[in-house]
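Structure first, commentary second.
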Amino acid sequence: MSTHEHVTCTFCGCLCDDISVEVEDGHIAAVKRVCANGRGVFAEHCSDARRPTVEGREVDLEEAIAEAARILDQADSPLIYGLSSSATEGQRKAVELADVLGAVVDTTSSVCHGPTGLALQEIGEPSCTLGEVRNRADLILFWGCNPSASHVRHFGRYSVTAKGTLTPRGRQDRTVYVVDVRPTGTSKTADHFLQLRVGSDYEVLSTLRLLVRGESVPAEEVGGVSVAELSELAERMKSCRFGVAFMGMGLTMSAGRNVNVAELFSLVAELNDHTRFSVIPMRGHGNVAGSDQVLTWLSGYPFAVSYARGYPQFGPGEFTAVDMLARGEADAALILASDPVAHFPRAAAERLAAIPTIVLDPCENLTAGVARVVFPTATYGVDAVGTAYRMDNVAIRLRAVVPTERPTDEQVLEGIIQALPERAAQLEAVT
Amino acid sequence: MSVEFQLITGRTREQAIGLHKGKSSQPYRDATHVVEMSGQDMSQIGIDEGARVRLRTPAGSGEFVVREADLPTGLLFVPMGAAANDLIGADTAGTGMPSFKGQPVEVEPA
């Protein structure tokens, strides 16, 4: 029996790096400090020595790589999608493969915080680290997110109850606001809960901007919330020592999308005329922040990038996976560490069954069920080392606590690139 | 008779725990084929906790088990997953993001 301390859980963007894992005979025997959502990352770890498959037939790795390369080479408009549950090492190779193929590469950001990325490009993101939140923040605002269900240890490690340098009494040293369209486990922890009408986030955020500027609002209520309550929130935000807004899908998935987020980012930026205030998007997948980072390093854009013209082009709505699939524009797909058949609208998901699809994933998922080529890969953070970015864009090292015979995403993708020597040579000649 | 509501989808702990068992597993199916609704709306439609209803949008339809929840009237919540996505259209308004929250939906007893 060996015990591994300070292991990182990759389930969500909290990337809790204080997990203790006991290993016996090469298998995980016990996991401590992990939350209910993350327990399965270790307890249900897909570790069997499964071989790759081509049309359901088990083959060796070389044959699967050759078939994947053939499919992608013959495609006119290949799509590479997912990335966010891989490590940055795998993500870099996925972008390299897109460049070699002249493919589109998109990530789960496009159905998560893609609109946040658009707002960031327009307004900027007045951000900070979770360590600063833990140690300094005395006003916490959750807008359109429910970490009690999605980021279970966020409260204790970083925000609501965390004890830090300037917040030694934890919960008693903070005021917590929740803004949402329904009561949630998160709103039950709050000092103040403002319940909005669905689709009114933009109006309410605009009203808060007016109130922060000291302008009058000739209305009794906006979006289902009294102006008196909004005035109180505006004053608290202006007078706090350090405020942090955490925002989620309630803004990015509702009508207005990126415009909602831009309004929040503008509000936060303007609050810095009065005090210190930051905003942190609640990132879902363990390394979805890393996928934004890697794509931005390599292409200049965080998602929805096409290399079809030989240089990166950014096109939300055009090069985003849901749009490309629903319009029938992708004629082959490589899905890395995600499950779009489970998480895309039906019209987009069905396209993946109609075209040759390649899946790299540690576990069997619904997309693997319709794929032509499936690579069971190692799990970064459990049986493979790597790097992931927490929701505040702090890089965290992922450890391997058990051995595996499976290849990593990086190794499979490198194998596919190596199987496309003519395309790689063409790219080399251009660059 | 069908009644129109607004639908939002999102994460639940049951969905998150179930997905580790596999998306074809019973825990995941049970966690994602649920629709949460206010008690007032349930009374108005004339359905009880555990009843089956059909949700219908222009994109598609599906059957879900009703669970009473603390929601405003007129709002439904379905956990994220393949069942919910049968109801979501693929239009992204030029952003890449479908309308996973705020989708008009009709409800009728199954």
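Quick look at the numbers
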quantity: Qualifying positions in the stretch A:307-348 - basic (Lys, Arg) and within 8 Å of chain B (Cβ to nearest Cβ); calculated: A:Arg346
quantity: Any chance A:Arg257 is charged (D, E, K, R), touching a residue at least 60 places away in the same chain (Cβ under 8 Å) and out of contact with any Pro (no Cβ under 7 Å at 6 or more places or on another chain); calculated: no
quantity: Any hit, the stretch A:158-174, residues being under 24 Å from A:Glu270 (Cβ atoms), of a type in the set (A, V, I, L, M) and touching a strand residue (DSSP E or B) at 6+ places or on another chain (Cβ under 9 Å); calculated: yes
quantity: Condition met for A:Cys9 (farther than 21 Å from A:Phe303 by Cα and either within 21 Å of the chain's Cα centre (by Cα) or not assigned by TED's automatic domain parsing to the domain that holds A:Ala326 (or both)); calculated: yes
quantity: Condition check for A:Gln121: surrounded by fewer than 16 Cβ atoms within 10 Å (Cβ to Cβ), polar (S, T, N, Q) and within 14 Å of chain B (Cβ to nearest Cβ); calculated: yes
quantity: Residue in the stretch B:71-87 that is of a type in the set (Gly, Ala, Ser), within 8 Å of chain A (Cβ to nearest Cβ) and in a loop (DSSP other than H, G, I, E, B) present; calculated: yes
quantity: Pick from the stretch A:13-48, criterion part of a loop (DSSP other than H, G, I, E, B), of a type in the set (Asp, Glu) and modelled with pLDDT of 95 or more, ranking: nearest to A:Gly248 (Cα to Cα); calculated: A:Asp17
quantity: Residue under evaluation A:Glu364, criteria (1) of a type outside the set (Ser, Thr, Tyr); (2) in contact with a helix residue (DSSP H, G or I) (Cβ under 6 Å, 6 or more places away or on another chain); (3) under 21 Å from B:Arg29 (Cα atoms); (4) surrounded by fewer than 24 Cβ atoms within 10 Å (Cβ to Cβ), criterion not met; calculated: (2)
quantity: Flag if A:Thr320 is in the same structural domain as A:Ala347 (by TED's automatic domain parsing), within 28 Å of A:Gly386 (Cβ to Cβ) and without any contact (Cβ under 8 Å) to a residue 12 or more places away in the chain; calculated: no
quantity: Residues of the stretch B:1-35 satisfying the condition of being crowded, with 19+ Cβ neighbours inside 10 Å, part of a strand (DSSP E or B) and within 9 Å of another protein chain (Cβ to nearest Cβ); calculated: B:Ile8, B:Thr9, B:Gly10
quantity: Filtered residues of the stretch A:246-271 (kept if of a type in the set (Ser, Thr, Tyr) and assigned to a loop (DSSP other than H, G, I, E, B)); calculated: A:Ser254
quantity: Set A:Ala308, A:Ala337, A:Ala378, A:Ala371: member being closer than 30 Å to A:Met1 by Cα and either surrounded by fewer than 23 Cβ atoms within 10 Å (Cβ to Cβ) or out of contact with any His (no Cβ under 7 Å at 6 or more places or on another chain) (or both); calculated: A:Ala378
quantity: Looking only at the stretch A:146-177, and only at residues there that are in contact with a Lys or Arg (Cβ under 7 Å, 6 or more places away or on another chain) and hydrophobic (A, V, I, L, M, F, W, C), the one that is modelled with the lowest pLDDT; calculated: A:Ala149
quantity: Test: A:Leu336 is within 30 Å of A:Glu132 (Cα to Cα) and touching a residue at least 40 places away in the same chain (Cβ under 8 Å); calculated: no
quantity: Check on A:Gly224, out of contact with any Leu (no Cβ under 7 Å at 6 or more places or on another chain) and not assigned by TED's automatic domain parsing to the domain that holds A:Leu336; calculated: no
quantity: Whichever residue in the stretch A:12-28 is more than 22 Å from the chain's Cα centre (by Cα) and surrounded by 13 or more Cβ atoms within 10 Å (Cβ to Cβ) and, among such residues, is nearest to A:Tyr158 (Cα to Cα); calculated: A:Ser20
quantity: Breaking point among (1) surrounded by 17 or more Cβ atoms within 10 Å (Cβ to Cβ); (2) more than 10 Å from chain A (Cβ to nearest Cβ), for B:Gln40; calculated: (1)
quantity: The one condition in (1) farther than 18 Å from A:Gln313 by Cα; (2) part of a helix (DSSP H, G or I) that A:Val95 fails to fulfil; calculated: (1)
quantity: Which listed residue, of A:Val111, A:Val160, A:Val181, A:Val152, is more than 10 Å from chain B (Cβ to nearest Cβ) and either buried (at least 24 other Cβ atoms within 10 Å of the Cβ) or not hydroxyl-bearing (Ser, Thr, Tyr) (or both); calculated: A:Val160
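Table: residues versus (1) in contact with a helix residue (DSSP H, G or I) (Cβ under 6 Å, 6 or more places away or on another chain); (2) free of Cβ contacts under 8 Å to residues at least 40 places away in the same chain; (3) within 23 Å of A:Glu350 (Cβ to Cβ).
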position	(1), (2), (3)
B:Leu7	no, no, yes
B:Gly39	no, yes, no
B:Val53	no, no, no
B:Ser61	no, yes, yes
B:Ala83	yes, no, yes
B:Asp86	yes, yes, yes
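The values are calculated or read from the model by the stated rules, or taken from the named source; none is laboratory data. Not measured: the values here are computed from a predicted model. Note that each Cβ is placed from the backbone with ideal geometry, even for glycine, and that neighbours are counted across all protein chains shown.
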